[in-house]
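The values are calculated or read from the model by the stated rules, or taken from the named source; none is laboratory data. Computed from a prediction, not measured in an experiment: that's the story for all the values here. Cβ sites come from the backbone with ideal geometry, for glycine too, and all protein chains shown count toward neighbours. Each accessible area value is taken on the protein alone, full model and side chains, heavy atoms only, with ligands, DNA and RNA left out. Shrake-Rupley method; radii C 1.70, N 1.55, O 1.52, S 1.80 Å.
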Amino acid sequence: MIEELKNKKLQVKFENGKEATVKFGTSALDALKSAKVDMSGLLAVKVNNALKSADVPLVDDCEVEKITLTDQDGHRVYVRTVKFLLHIALKRLYPNLDVEVCNTIDGIVYFICENMKFTQAMGEEILKEMRGIVARNSKIEKMVVGYEEAKYLFDSNGNPDALDGISVYMYPIVTIYKAEDTYGLTDGILAPTAGCTPDFEIKKFRRGFALMLPKCSDPTKINATIAESPLYEVFEKNGDFLRIIGVTNVPEINDKVITGKMPDIVRVAEADHENRMADLMNDIKTKGTKRLFMIAGPSSSGKTTFANKLCINLKLIGYNPIVISMDNYFK
């Protein structure tokens, strides 16, 4: 059966209307090359409309589409890959720096540094290291290994805590990535080489730094202006609160669950929520100009619960609010 598969021929169609016959197991990247598809800007591929790494082996007749920075999926791969390059640079230059991803706001990824004052000189040094990896066009290798092998690789790479977030589940296999001498975990696929991500910038910002990247709407330009978004302050304060209660990451949450301390965490979080609600009501009462409140958040994050609590509190200060829920408008 294995010999039969080795000799199996596949028919592959491409977005430019071309077709190619390739062997079973040929990578999508090699299939694109065989069809003389323009490879510039390649970050990933879609095989039968499913997003895959560019080096994914083809095992059946399929359609292959090139994904670049102008695609939403491609932009996410781009951002993820640059973050991986940042991880490599930080491991080499500042292995003891405690860096926390704040969030992405308007195409800029913000980071907060907790145990060291970040300077612009540090940013320039990190940027130089990252651009060196890009200049070498280092291969980014995807590896699917057993949990114990992954743990050994991270331990030997000076990153023994890398698997703490999943160790409680004891996954039999782990997907990791390697570039040059560094291993890392990501939440999705990466570009095939570092040279696929040439444009980025780093600037000091408040308690950390900002990683600026091109947008998929204009991949030739980096927004070099850092706007003072109120969202940043929200994320910053929330990070401070999480550090106070000791749940800044998944391993710490797991520890609280295992040791039976989650009820305390819930009570503290509810108390903090009530304090914030009181501050909000005071702000509304003082200014007296608010007429519309829009509540956003991911699924099951508590939007409806918060809207109902907000409604009750608004009644206490003399308003007659009406709740309009998007749940009633899904088709």
| query | If a residue has to be in contact (Cβ under 8 Å) with a residue 24 or more places away in the chain and either in contact with a strand residue (DSSP E or B) (Cβ under 8 Å, 6 or more places away or on another chain) or in a loop (DSSP other than H, G, I, E, B) (or both) to count, how many in segment 86-100 make the cut? | reply | 10
| Spans of helices (runs of 4 or more DSSP H) in segment 249-322 with at least 3 residues in contact (Cβ under 8 Å) with a residue 40 or more places away in the chain | 250-258
| In segment 36-64, residue farthest from the chain's Cα centre (by Cα) [restricted to those that are in a loop (DSSP other than H, G, I, E, B), surrounded by 18 or more Cβ atoms within 10 Å (Cβ to Cβ) and among the small types (Gly, Ala, Ser)] | Ala54
| field | Segments classed as strands (runs of 3 or more DSSP E), wholly inside segment 144-247, with at least 3 members that are of a type in the set (D, E, K, R), surrounded by 15 or more Cβ atoms within 10 Å (Cβ to Cβ) and touching a residue at least 12 places away in the same chain (Cβ under 8 Å) | value | 201-205
| note | (1) in contact (Cβ under 8 Å) with a residue 24 or more places away in the chain; (2) assigned to a helix (DSSP H, G or I); (3) open to solvent by less than 70 Å² (accessible area, probe 1.4 Å) all hold for Glu125 apart from (3)
| query | Does Asn103 fit the bill of being part of a strand (DSSP E or B) and open to solvent by less than 70 Å² (accessible area, probe 1.4 Å)? | reply | yes
| query | In this structure, is Ile317 of a type in the set (Val, Ile, Thr) and more than 28 Å from the chain's Cα centre (by Cα)? | reply | yes
| request: May I ask you to list the residues in segment 276-316 that are farther than 24 Å from Asp327 by Cβ and exposed (fewer than 12 other Cβ atoms within 10 Å of the Cβ)? | output: Ala278, Asp279, Asn282, Asp283, Thr286, Lys287, Gly288, Thr289, Leu316
| remark: Condition set among the aliphatic types (A, V, I, L, M) and touching a Ser or Thr at 6+ places or on another chain (Cβ under 9 Å), scope segment 299-325, selection nearest to Met277 (Cα to Cα): answer is Ala307
| query | Restricting segment 8-35 to residues that are of a type in the set (Val, Ile, Thr) and part of a strand (DSSP E or B), which is most open to solvent (accessible area, probe 1.4 Å)? | reply | Thr21
| query | Hey, any hits in segment 209-217 for a residue that's among the small types (Gly, Ala, Ser), closer than 28 Å to Leu42 by Cα and touching a Lys or Arg at 6+ places or on another chain (Cβ under 6 Å)? | reply | yes
